[in-house]
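Have a look at the structure below before the remarks.
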Amino acid sequence: MNSKALLVATGSVLLFPQVGRAADAIVAAAPEPMEYVRVCDGFGEAYFYIPGTETCLKIGGYLRVDISGGDPNGQDTFPDGGAEFPNGGGDSWFTRSRLSFRISTATDTEYGALKTYAETLFNRDNNNGGSVGLEIGTIELAGFLVGYVDTLYTDFTDDAGNGINDYYDVNYGDFHQTQIRYTYDPGNGFVAAISLEDDSDPSGSTVDDVDEGDDDYVPDIIAAVGYVTDPFKARLVGAYDSSMEEGAIKLRLDGTIGDLSVFAMGGWNTDGDRVNNYAQWDGAWAAWIGASYVLTEKATINASMNFDEGGDIEGALNIAYAVVPGFEIIPELDFRNKMDEKAGPNAEDWGGVIRFQRNF
């Protein structure tokens, strides 16, 4: 190639530098991967990872509608008497709509699972009264629990059966208290627990010191021990009411044979003449018995009865029917004796309630 041709070729490259790359494909930047919600099944069903963290979250609750009536359920519309309806003669319905919103979290740590649980209740009573409140709020780690929840005295031995109204006068224990609790559970059926609890606000209006302020720093003390397996359970719990310097003991036995589950529970008051936070019944002793029987895949019948030394007798009988998964209807018949003495001469001993509940 002579010098003239070389000069022309070099000029063409300098004037049109893009020509040689015109056929190259244009490559777009790859999109960043999306982080979809990941299932976290290590702590049970319905948990998922909070995006960008190693914390598992579960959201749930229920929507419930109760319709109840009868004197045992407090539906005497003229409790103070009247010319047309003397004491115990006026009856009406009571309605309640409730939303329970629950949040659970769990994270693996070097000390085991760090868990939190919170439940908030939204209530609307008789179409006009409304309330919102924290029902439960707890933190758990390495067997320790701190927060606001049912007292260990009640929580350890469970409710008095599967009735909607599982007690009236024969209360099986105090309920929500802020506390510090430790539970030892090696996984072989043996369980032991101890709890120090705030007793500043008695939950029962019949407690003897309900109107007396708490004037010391001494908490209530509860201790429990049990053997919990399938199909047999035995649980014993004792509580000390520091403000009254009295207490109570409960023993509960449970057994399951096929589709039938039964329980019996007895309580003892250290001073049968006075009602404390944990012995909220009349007299020195009380007893609770009950059973549940699975009739079909959708229907379970539940029955319970309560007694105390003061002569109180009460009971509940219901059928829990699962219409579809997550939606249950429970009609219940309730009994409470001596209503003519407790609510007026015309009060009846029978009442009832029907519950509609959607769990999610």
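The values are calculated or read from the model by the stated rules, or taken from the named source; none is laboratory data. Nothing here was measured: the structure is a model prediction, and the numbers come from that model. Glycine also receives a Cβ, built like all others from the backbone with ideal geometry; neighbour counts cover every protein chain displayed. For accessibility, only protein heavy atoms count, side chains too; no ligands or nucleic acids. Shrake-Rupley method; radii C 1.70, N 1.55, O 1.52, S 1.80 Å.
Laid out as a table, the results:
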| quantity | calculated |
| --- | --- |
| Residue that is assigned to a loop (DSSP other than H, G, I, E, B) and closer than 19 Å to Trp288 by Cβ, where the choices are Thr256, Thr206 | Thr206 |
| Residues satisfying the stated conditions in segment 163-181, i.e. closer than 14 Å to Met265 by Cβ and among the charged types (D, E, K, R) | Asp166 |
| Residue match in segment 274-286 (condition: crowded, with 16+ Cβ neighbours inside 10 Å, of a type in the set (Ser, Thr, Tyr) and over 30 Å from Glu45 (Cβ atoms)) | yes |
| Conditions (1) open to solvent by less than 60 Å² (accessible area, probe 1.4 Å); (2) at pLDDT 95 or above; (3) over 12 Å from the mean Cα position of the chain (by Cα); number of the one not met by Asp174 | (2) |
| Subset tally (residues that are of a type in the set (Val, Ile, Thr) and either more than 29 Å from Tyr240 (Cβ to Cβ) or open to solvent by 30 Å² or more (accessible area, probe 1.4 Å) (or both)) for segment 137-168 | 3 |
| Restricting segment 329-350 to residues that are open to solvent by 60 Å² or more (accessible area, probe 1.4 Å) and outside any loop (DSSP other than H, G, I, E, B), the residue that is nearest to Gly290 (Cα to Cα) | Leu333 |
| Residue that is surrounded by the fewest Cβ atoms within 10 Å (Cβ to Cβ), among those in segment 177-194 that are farther than 30 Å from Asp66 by Cβ and among the hydroxyl-bearing types (Ser, Thr, Tyr) | Tyr184 |
| Hits in segment 54-68 (condition: open to solvent by 50 Å² or more (accessible area, probe 1.4 Å), more than 30 Å from Asn127 (Cβ to Cβ) and over 17 Å from the mean Cα position of the chain (by Cα)) | Glu54 |
| Residue match in segment 316-331 (condition: charged (D, E, K, R) and over 20 Å from the mean Cα position of the chain (by Cα)) | no |
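The rows are residues; the columns are (1) modelled with pLDDT of 95 or more; (2) under 22 Å from the mean Cα position of the chain (by Cα); (3) open to solvent by less than 50 Å² (accessible area, probe 1.4 Å).
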site	(1), (2), (3)
Leu253	yes, yes, no
Met265	yes, yes, yes
Thr270	yes, no, no
Gly290	yes, yes, yes
Tyr293	yes, no, no
Thr296	yes, no, no
Ser304	yes, yes, yes
Gly311	yes, no, yes
